[in-house]
Protein chains: 4
Amino acid sequence: MKACKYFGNHDVRLVDTEVPRPESGELLVKVLATGICGTDLHISTHGDWIGKPARPGVTMGHEFVGDVVEIGPDVQFLQKYPQVSSEISVGSRICAEPHLPCGSCWWCIRGQGNICSGIGHLGVTRDGSFAEYITVSADRCSLVPEEITNHEAAGIEPLACAVRAVHRSRMEIGDTVLVIGAGPMGQDVAKVAALSGASLVIISEPHPYRRKLAADYGFSHVLDPQETDVVGQVMELTRGIGADVAFEVAGLSETVNQAISAVRQGGRLVQVGVPTGAVTVDLRRLVIGEIELIGEHATHWDFGTAIDLIRTGRVDVTSVITHTLPLEQVLEGMELAKSSMEAVKVVLEA
Amino acid sequence: MKACKYFGNHDVRLVDTEVPRPESGELLVKVLATGICGTDLHISTHGDWIGKPARPGVTMGHEFVGDVVEIGPDVQFLQKYPQVSSEISVGSRICAEPHLPCGSCWWCIRGQGNICSGIGHLGVTRDGSFAEYITVSADRCSLVPEEITNHEAAGIEPLACAVRAVHRSRMEIGDTVLVIGAGPMGQDVAKVAALSGASLVIISEPHPYRRKLAADYGFSHVLDPQETDVVGQVMELTRGIGADVAFEVAGLSETVNQAISAVRQGGRLVQVGVPTGAVTVDLRRLVIGEIELIGEHATHWDFGTAIDLIRTGRVDVTSVITHTLPLEQVLEGMELAKSSMEAVKVVLEA
Amino acid sequence: MKACKYFGNHDVRLVDTEVPRPESGELLVKVLATGICGTDLHISTHGDWIGKPARPGVTMGHEFVGDVVEIGPDVQFLQKYPQVSSEISVGSRICAEPHLPCGSCWWCIRGQGNICSGIGHLGVTRDGSFAEYITVSADRCSLVPEEITNHEAAGIEPLACAVRAVHRSRMEIGDTVLVIGAGPMGQDVAKVAALSGASLVIISEPHPYRRKLAADYGFSHVLDPQETDVVGQVMELTRGIGADVAFEVAGLSETVNQAISAVRQGGRLVQVGVPTGAVTVDLRRLVIGEIELIGEHATHWDFGTAIDLIRTGRVDVTSVITHTLPLEQVLEGMELAKSSMEAVKVVLEA
Amino acid sequence: MKACKYFGNHDVRLVDTEVPRPESGELLVKVLATGICGTDLHISTHGDWIGKPARPGVTMGHEFVGDVVEIGPDVQFLQKYPQVSSEISVGSRICAEPHLPCGSCWWCIRGQGNICSGIGHLGVTRDGSFAEYITVSADRCSLVPEEITNHEAAGIEPLACAVRAVHRSRMEIGDTVLVIGAGPMGQDVAKVAALSGASLVIISEPHPYRRKLAADYGFSHVLDPQETDVVGQVMELTRGIGADVAFEVAGLSETVNQAISAVRQGGRLVQVGVPTGAVTVDLRRLVIGEIELIGEHATHWDFGTAIDLIRTGRVDVTSVITHTLPLEQVLEGMELAKSSMEAVKVVLEA
């Protein structure tokens, strides 16, 4: 089969390889659609994901939907979510949580596999979804309901990450929200915040095309930080109080500081963007304003909510899909996503 | 002016009385619309509100909107909410939080005036809104934006109570929710839960007309507890897990027990309905399921959110208004609300 | 070996039985000391534990310490707690968490095995510790440090339950606390609350000997509810505010109502006592005071803390041990615990 | 009277000035003892406190105890704390919360005066306690119980700050705790954490004398970061898990990063130290480990707890008092505190 693999040192190639065999507890899945994520771009350039080196030879990719073609031995399907049936069989369409907890550490036994100390990731430490087939542990999988298209289903995983970010913010109905960065993740976070009852969602994004996408989706306050004083605007829109919650989805010193300045005293700042190195931040307002800077990682029992949001039409994850390509053009897709701010989300289809 | 007063011993009459004068810190407000609440009905029948005796001679009513006609001495308008302007002047339309904290107890100095140990209430301990004019402390008032009609504005206070109930539930996007009782408060709670991102809102209500109103509003799971096993249905709809959150809005032993049975282990049950006396409940499932039974009272900085939900059209509070009458027919209005389950919310207009 | 078994219908006998064999993942443990708990007494009288029928033929008992004598196949010792080494081998002394989660339900996969929907219990659904030997899943076990005597170690499990109760209360340093009931569990809860920084711990207990034990331990406010108005005393001691947190450890209508009356508005009431049937409670103060009535069950990652509290001498769990008997006298021990309020905790030793 | 005033530009002098008169709601207090805080040193050097300029001419100092000598008009003593009587009269000894909320902003009306947007401070914006007399708003004051000496009472305010820091950490019994920095505040935080039930308190401090004071107080794990790998030690002491909670009380890039590295995934880091400018931090572990970096400021209804901890002998705040001087030597005292790491807490007595 075709698979796009990382071989170390910027060497990423589409190669022919064996179709994998499902081991104990695993499913073999034919990939129908798979999205290109910032993680993939980072690995192809830097060879790691947040300091965790990608395994040379690994098949990349982790946002995907596919058909179950074979069920390995000793598979059990758990009822993970109230929103989603667990009746999976050969022919079922599934998506999967790409982080792979060890199962036995302090965090895993407490159900916190997303911050497992020995966590692995599809497409980083284990073969991922930029391929015709993938094997994946059955307990990571969820059934994709019929109402959801393949195109949409490729967006379940990033949406679940956004749900996690909003959970971490402890947002409540009526809160005012700032989202800094309107890439695919920022837009998903904004959508989830709006559906959690935000009174006001303010988005800040320097790139006009991404601002346009957000405005087209229906967001009424999409600011250009190059033209507007974002903190000043937040203060004006909140009558001098500041945002209850800010999501930083850019990962830059400047925007972290901006978020600290724009959130009200006692508010929360969820750090979604992963800086590429140390950032320089003024923590003084955080300290005396009793602000909380909150980390968030991946998904944590959030697939049920994400699937339900898409299935019921409350979130349209396709609004950021700007390009759809066949798997054979995965390298072009990655190049596109790296080089153009107008390539927001690139999806590969079988 | 005309005012509907409670004189003790079931003696409620529409009488002529003096227009009140605003004292220090107060506004004089011409009432434009005012809703009849269960509290008013309870007082007219029982003479108290949750054990607090109504003051004989008190003007009843507390859900209202009106025009500011005079501003008393030493008035200061605080910026209470990011969503609502504090620019109030003569001619402004305002609504008011009807609970009247003492301002100096342990709770008040901690900003928890809704559970103040010496709390008063408009329409119970102090003259309320079933009158042509009312005086009210300026710091209890919020400006009603132009987009909101008088009819809608009468529903701000109950909606704010529903916002409080949902806050207390610690609900998050994706939660599954059960609401027991579809009177005006139950329907408001269901609306707020849906807008807070509930994956599923299940409503249980024995009266067909109230079920119809809920279904007409768009709720897809409205159960008749006389025909359906509510707990069984909740379990089926949540794939055997139970509701994350239940709101009991009936105040009966049977429905409290039902709620305890329908919520999942680790879930929360917000007790919105105030029982008229002791209830008989089986707490065993609550104990071993680590369920929380959570009290909630009135509003707690929730008017900004309620106003914003109405102003933006996200909540239509008029869906439960079944009757609109002139103030002169307040007694008929109360009789109607007591006698007919089809009189869901009765609003009096000037 | 000798084992004390429940055979149904009040039939509890000490019988000879086979020493069990450790299965996959299990340890065979020689019991050194084991405490008699209210659960055991309830089963011998009623045949169930909170509605879950005891399995006829089951060996009773679940609070124990013992020596590992054999390690079954496929055993892995997890690092469950920062406070306790996981280096267990043949000859190690261990204690065990007696609740047995299913491992695959909604709660278990979220690390909430103590509220597992299919939970089992040592001594109820699976052979327990009133025997010379017991087999137990290795992942339920913790090493008992050398500093802890066998006598003390029998008290680890109940102390861990008390830690869970205090966790559930969300108590903080400076809180004022009421504990209703000074049996073994009530006294453990009071000890843990004090060590969590309570400004004031008030204990209410009708039985003079139990009050004496609490006073001897160092508690300065131990009330006799037959002589004292408990609610009035709490109000006086908290200057009219009420307790921040109450723990109800009696399970009676009267004391649940007392706890609701004694806790301040906005406070928390943890229901530790399991009523034997429905209780009659006045929820009105709970509703309008926004009080939370919080269930709590067993232990939830609390053994590390309990072991550490005993090891460092911060808690003396032996203060409530009034009788120590050999295993052969288990029936006498249970009779004693049932019949005499002066038999507070009875421990059986090998 | 004598008063130590800041006149701008490093100009701090002991001068003769008028005894102030109590205005409406105020008390006139004869200062008995007053501690020198880092705030005072910072103002004398930099002229501001966390960016808020000190008012030229202001009397410095804010940690104090004194005798009420006159009660101004319209004074009301609120029952602020269950632990402390509010019966204050002329001759009573009182301490005071030095932050001065505006009373009308979004935060103040919600009882969050410590993060008031227009907050003032004794000794910064309003005349403080480095004087023979001070006037202070009665609602800021608490009665000092007889059991507490003047020497101890000067330590109430910093201890209350430490209580606030621990509250913010959401610490629970059994948590493992790291405190970076063993100045007066770090030691107070360590004491409060221990009394909140920490299983383990690890202190890191480069200065031998401060380490000695901490060890003399009874802390068993006091590390020298110049000799020890602090993060490595924390990991070893917590069996590879990391600290549940860290308190950074140094305010340096290096130690903030150290704290982020030493806290476990999912843990909390309370930033107590206020950096003098921007810090350079690697947030990547915070993000993927879902760590929370939590601001904390001053005191927030914490005086009752602090007074109670001292009154009952649970905390000895005098352990860090290395020097006691008469008010006349305030300048020498400040010089000492600036120049010598062995001058930990300097107290001025009348």
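Helix A:156-169 against the longest principal axis of chain A: what's the angle in degrees, Cα atoms only, rounded to the nearest 10?
40 degrees
Determine the shielding of peptide B:293-301 by partner chains: average, over its residues, the number of Cβ atoms on other chains within 10 angstrom of each Cβ.
6
Tell me the relative contact order for the range A:162-295 as a rounded percent, counting alpha carbon contacts under 8 Å between residues six or more apart.
23 percent
What does the convex hull of the Cα atoms come to per residue for the range B:14-88, in Å³?
Normalising the Cα hull of the range B:14-88 by residue number yields 148 Å³.
Give me the percent of DSSP beta bridges within the protein assembly as shown that run antiparallel, rounded to the nearest 5.
The antiparallel proportion sits near 60 percent.
Could you check the simple spin-label distance between D:Gln226 and A:Ser340, using points 7 Å along Cα→Cβ, in nm with one decimal?
Here the modelled spin labels are 5.9 nm apart.
Nearest-5 percent of antiparallel DSSP beta bridges in chain C?
55 percent
Using a Gaussian network for chain D with springs between C-alpha atoms less than 10 Å apart, which of these wobbles most: D:Gln76, D:Gln187, D:Gln265?
Most flexible of the set in this elastic network: D:Gln76.
Would you mind giving the three semi-axes, in whole Å and largest first, of the ellipsoid equivalent to the protein assembly as shown according to its Cα gyration tensor?
45, 41, 39
Give me the distance between the Cα centres of the range A:141-202 and the range D:29-103, rounded to whole Å.
So the separation of the two Cα centres works out to 47 Å.
Given N residues in the range D:249-290, what is its alpha carbon radius of gyration divided by 2.2 N^0.38 Å?
Relative to the rule-of-thumb radius for its length, the range D:249-290 sits at 1.10.
For the range B:90-188, what ratio Rg/Rh do Cα atoms give with a Kirkwood hydrodynamic radius?
With Rg and the Kirkwood Rh in hand, the quotient comes to 1.00.
Stokes-Einstein diffusion coefficient for the range C:130-213 at 20 °C in a medium of 1.002 mPa s, Rh from the Kirkwood formula over Cα pairs: what value in µm²/s?
The Stokes-Einstein estimate is 146 µm²/s.
Taking only the alpha carbons of chain B, what extent do you get along each of the three principal axes, in Å, biggest first?
Result, largest extent first: 60, 40, 38 Å.
According to a simple spin-label model (label point 7 Å from Cα along Cα-to-Cβ), what is the distance in nm between D:Thr149 and A:Ser85?
7.7 nm
Hey, got the dipole for the protein assembly as shown? About the Cα centre, +1 on K and R Cβ, -1 on D and E Cβ, debye to the nearest 20?
0 debye
How big is the Rg/Rh ratio for the range B:34-144, C-alpha atoms only, Rh by Kirkwood, two decimals?
We get a ratio of 0.97 for the range B:34-144.
Give the shape of the range D:142-187 as rounded, prolate or oblate, defined through the alpha-carbon gyration tensor: a ≥ b ≥ c are the square roots of its eigenvalues, a/c under 1.5 means rounded, and otherwise the shape is prolate if a/b is larger than b/c and oblate if not.
Prolate, because a/c is 1.5 or more and a/b exceeds b/c.
Return the FRET efficiency for the residue pair D:Leu41, D:Met1: r is the Cβ-Cβ distance, R0 is 22 Å, and the value is rounded to the nearest 0.05.
It comes to 0.45.
Would you work out the relative contact order for chain A, in percent, from Cα pairs under 8 angstrom that are 6 or more residues apart?
Computed over chain A, the figure is 19 percent.
Using only alpha carbon positions, build the gyration tensor of the range B:46-111, then give the equivalent ellipsoid semi-axes as the square roots of 5 times its eigenvalues, largest first, whole angstrom.
26, 19, 12
Using just the helices of chain D, give the 222 nm mean residue ellipticity in deg cm²/dmol: DSSP H runs with n ≥ 4 each add -39,500 (n - 2.57), and the total is spread over all residues, rounded to 500.
-7500 deg cm²/dmol
Taking only the Cα atoms of the range C:286-349, how large is their convex hull per residue, in Å³?
175 Å³
Here are some pairs, A:Lys5/A:Lys191; D:Lys80/D:Lys345; B:Lys212/B:Lys345; B:Lys30/B:Lys191; which of them have Cα atoms lying more than 23 Å apart in this structure?
Exceeds cut-off: A:Lys5/A:Lys191; D:Lys80/D:Lys345; B:Lys30/B:Lys191.
Give, to the nearest whole percent, the P(r) tail of the range B:219-350 beyond 21 angstrom, counting all Cα pairs.
Within the range B:219-350, distances greater than 21 Å cover 58 percent of Cα pairs.
Once the range C:162-295 is represented by equal point scatterers at the alpha-carbon sites, with solvent omitted, what log10 I(q)/I(0) does the Debye formula produce at q = 0.11, 0.22 Å⁻¹?
Rounded to two decimals, the profile gives -0.31, -1.43.
For a quick protection proxy, order the peptides C:85-93, D:241-249, B:248-256, B:266-274 by their average other-Cβ count within 10 Å, most packed first.
D:241-249, B:266-274, B:248-256, C:85-93
Between A:Asp16 and A:Leu325, what FRET efficiency follows from the Cβ-Cβ distance if R0 is 22 Å, with the result rounded to 0.05?
Calculated transfer efficiency: 0.70.
Report, in cubic angstrom per residue, the convex hull volume of the C-alpha atoms of the range A:84-135.
Output value, Cα hull per residue: 107 Å³.
Along the positive direction of the dipole of chain B (beta-carbon charges: Lys, Arg +1; Asp, Glu -1; about the Cα centre), which of B:Gly113, B:Leu28, B:Val222 reaches farthest?
B:Gly113
GNM, chain D, Cα, under 10 Å: largest mean-square fluctuation among D:Glu147, D:Glu227, D:Glu335?
With Cα springs under 10 Å in chain D, the top fluctuation among D:Glu147, D:Glu227, D:Glu335 is at D:Glu227.
Let me make sure I get this right: for the range A:253-322, a, b and c are the square roots of the gyration tensor eigenvalues over alpha carbons, sorted descending. Under 1.5 in a/c it's rounded, otherwise prolate if a/b > b/c, else oblate. Which is it?
prolate
Specify which residue in the list D:Met185, D:Met171, D:Asn150 is farthest towards the positive end of the charge dipole of the range D:128-194, using unit charges on the beta carbon of Lys, Arg (+1) and Asp, Glu (-1), about the Cα centre.
D:Met171
So for the range D:88-231, averaging the separation of alpha carbon pairs under 8 Å that are six or more residues apart and normalising by length, what relative contact order in percent results?
Relative CO of the range D:88-231 lands at 16 percent.
So how strong a dipole does the range B:288-350 carry about its Cα centre when Lys and Arg Cβ are +1 and Asp and Glu Cβ are -1, to the nearest 20 debye?
Charge dipole of the range B:288-350: 160 debye, to the nearest 20.
None of the figures in this text is laboratory data; all of them are computed from the coordinates on show. Computed from a predicted model, the values in this text were never measured in an experiment. Cβ sites come from the backbone with ideal geometry, for glycine too, and all protein chains shown count toward neighbours.
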